[in-house]
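First the structure, in the form of structure tokens, and then the observations on it.
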Protein chains: 2
Amino acid sequence: MNVEQILKTEKPIALESRSLIHLILVYNKVNEQYASALKEYEISLQQFNVLRILRGQKGKAANLQTLNERMVSKQSNTTRLVDKLLVKGLVNREVCPSNRRKIEITITKEGKELLLELDRIINNTEKDLLADFSKDDLVHLNNLLDKF
Amino acid sequence: MNVEQILKTEKPIALESRSLIHLILVYNKVNEQYASALKEYEISLQQFNVLRILRGQKGKAANLQTLNERMVSKQSNTTRLVDKLLVKGLVNREVCPSNRRKIEITITKEGKELLLELDRIINNTEKDLLADFSKDDLVHLNNLLDKF
DNA sequence: ATACAACAATTGTATATACAAATGTAATAC
DNA sequence: GTATTACATTTGTATATACAATTGTTGTAT
């Protein structure tokens, strides 16, 4: 991925700006590939995320706060994400009996089955995105990203 | 930035997934900081981008295609971005006389003046975001991001 | 000259995101 | 017990993004 080429600019960009632009460009690519991989299942990356978190609960119900805390993008409106998953029959939502302010969200059998397929899809997408990276590269990348 | 801590998860994530999640988390942070820096000027990062591209034209007018090609996020609806800048008096838009399908967009004096202020703001934001990076780190980061 | 394809920008629409306000429930103070 | 505050979620609304359809203009073939 060549930054100057993508931006069709000939003049060099300062290292600092270039790094951040680079990051945004890479993010856009990553996001597009995830989205297009999930598209045929009519599910967004955030919805997939919710399902994966729910599976991680091992049957234990999660409330909205828990989901929100574990989401990659915290500012997603989790209520509406759950709404959509509910319509598709991928999750259950019930009022928590011991505290009626809370809700208990669990993944359904259908949700789990779909996840198995999506896992495969997402795995391929990630392999694809990271095709040019060695293990060492990835460790290195993680270390650098930690500096943010 | 610690990925596991942000996602409130105790179990380790596979290196590949972790790298991509890490990237998304960093992007979110970068984006939020840009947005909040520009907020008091009621301008979005994409709008700022358009202004900066126009200044780079050195007086020469740009049409929509040119802008679009040079945008960091190509999928922005440039027509509407320009609409908004127009309302604010930061750009001019005229039909191209030699080819009435095209439009000619230029930055106004007000636009240039605002940009000078924004440059300072953005510069500070970028310094802030990259505070923990050495030059070497940045070069390294750019090299790794190139692998995408 | 007319028809047709290609081009450049705009518009429409569905979905997503950001953020504030509102709703309903529970806990606490008095 | 009533008022007040805090809590958990939902709703409202403005803005942004994704993508397809439409409009108006130009170029080309016949």
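The values are calculated or read from the model by the stated rules, or taken from the named source; none is laboratory data. Quantities reported herein were computed from a predicted structural model and do not represent experimental measurements. Glycine also receives a Cβ, built like all others from the backbone with ideal geometry; neighbour counts cover every protein chain displayed. To get the accessible areas, we keep the full protein, side chains included, count just its heavy atoms, and leave off ligands, DNA and RNA. Shrake-Rupley method; radii C 1.70, N 1.55, O 1.52, S 1.80 Å.
For the reader, a short list of remarks on this structure follows.
- Every test in (1) modelled with pLDDT under 95; (2) open to solvent by less than 60 Å² (accessible area, probe 1.4 Å) is passed by A:Lys74 save one, and that test is (2).
- Single unsatisfied condition, B:Lys88 versus (1) more than 14 Å from chain A (Cβ to nearest Cβ); (2) among the charged types (D, E, K, R); (3) in contact with a helix residue (DSSP H, G or I) (Cβ under 6 Å, 6 or more places away or on another chain): (3)
- The criterion of being closer than 30 Å to B:Asp136 by Cα, of a type in the set (Val, Ile, Thr) and surrounded by fewer than 16 Cβ atoms within 10 Å (Cβ to Cβ) does not hold for A:Val87.
- Condition broken by A:Gln47, with the remaining ones in (1) touching a Ser or Thr at 6+ places or on another chain (Cβ under 7 Å); (2) in the same structural domain as A:Leu115 (by TED's automatic domain parsing) satisfied: (1)
- In the stretch A:111-119 there is no residue matching the filter, namely being within 16 Å of DNA strand D (Cβ to nearest atom) and under 22 Å from A:Gln33 (Cβ atoms).
- Residue check for B:Asn123: surrounded by fewer than 16 Cβ atoms within 10 Å (Cβ to Cβ), away from DNA strand C (no atom under 13 Å from the Cβ), within 14 Å of chain A (Cβ to nearest Cβ) and not in a loop (DSSP other than H, G, I, E, B): yes
- Filter result for B:Val82 (touching a residue at least 12 places away in the same chain (Cβ under 8 Å), within 14 Å of chain A (Cβ to nearest Cβ) and among the hydrophobic types (A, V, I, L, M, F, W, C)): no
- Looking across the stretch B:138-148, the residues that are of a type outside the set (S, T, N, Q) and either out of contact with any helix residue (DSSP H, G or I) (no Cβ under 6 Å at 6 or more places or on another chain) or more than 7 Å from chain A (Cβ to nearest Cβ) (or both) come down to B:Val139, B:His140, B:Asp146, B:Lys147.
- Selection within the stretch A:11-55: residues that are within 7 Å of another protein chain (Cβ to nearest Cβ) and of a type in the set (Ser, Thr, Tyr). The member of this set that is surrounded by the most Cβ atoms within 10 Å (Cβ to Cβ) is A:Ser19.
- Options A:Lys8, A:Lys58: the member that is open to solvent by 50 Å² or more (accessible area, probe 1.4 Å), facing another protein chain (nearest Cβ under 8 Å) and either of a type in the set (Gly, Ala, Ser) or at positive phi (or both): A:Lys8
- Apart from one condition, A:Asn142 fits all of (1) of a type in the set (S, T, N, Q); (2) within 19 Å of the chain's Cα centre (by Cα); (3) farther than 20 Å from A:Leu23 by Cα; the exception is (3).
- Any chance B:Lys109 is closer than 30 Å to B:Leu54 by Cβ and of a type in the set (Lys, Arg): yes
- Against the criterion of being within 16 Å of DNA strand D (Cβ to nearest atom) and more than 19 Å from the chain's Cα centre (by Cα), A:Val95 qualifies.
- Test: residue in the stretch B:131-147 that is surrounded by 13 or more Cβ atoms within 10 Å (Cβ to Cβ) and within 15 Å of DNA strand C (Cβ to nearest atom): no
- Listed by position, the helices (runs of 4 or more DSSP H) enclosed by the stretch B:1-101 that each have at least 2 residues that are away from DNA strand C (no atom under 15 Å from the Cβ) are B:3-6, B:15-39, B:45-56.
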